[in-house]
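Q: One structure is given below, represented as structure tokens, and several questions about it will come after.
Where a number appears in this text, it was derived from the coordinates with a stated rule and is not lab data. In this text the structure is predicted, and so the values were computed from the model without any measurement. A quick note on method: Cβ atoms are made from the backbone with ideal geometry, for glycine too, and the neighbour counts reach across all protein chains shown.
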Amino acid sequence: MISSSTELGTAVSTGRFKVGLTSSLSNYTALKEKGAPVEFLYPMEGGNYATVMYVGLIDGAPSPNAAKLLMNWFFTPEGIEATTKAGYLSTVPDAPAPNGIQRLDKVDEFKPTPLDEVPEVQGNTLAQLKTIFR
């Protein structure tokens, strides 16, 4: 049994598994940088959704100004560069992507999911996966 996307990436890169259906982009880019024989494939027809990590300010947070500074930093050239170096895609239009990865807005099979629809989409995906991987 695989307990994390990091473990899944290692299992694929060492040949224990031939394919990993779900893994984080940052794990893939880290393995690729180490020279692991892995490739990143986008889904075929029918589409998919990308898991987006949201950043927000919690109401009543102890240091709201510090949180606002951090959130704004993600949209600066330095924040975009750090995001990319960490193996993630920035949401800033035309920001570079990690090596070997195509920006999601350039991939027709990925459709943006509005934040308020994410729980429903994830629930539907989980239901589909449960029928496939019993």
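Q: At Gln128 and Ala66, where each label point lies 7 Å from the Cα along Cα→Cβ, what is the point-to-point distance in nanometres?
A: Computed distance between label sites Gln128 and Ala66 equals 4.2 nm.
Q: A follow-up question, please. Please compute the length gained on full extension between Thr6 and Asn99, using 0.36 nm multiplied by the number of residues separating them and subtracting their Cα-Cα distance.
A: 31.6 nm
Q: If you only keep lysine pairs separated by 8 or more in sequence, or across chains, how many in the stretch 49-132 come under 28 Å at the Cα atoms?
A: Taking the stretch 49-132 as the scope, the lysine pair count is 4.
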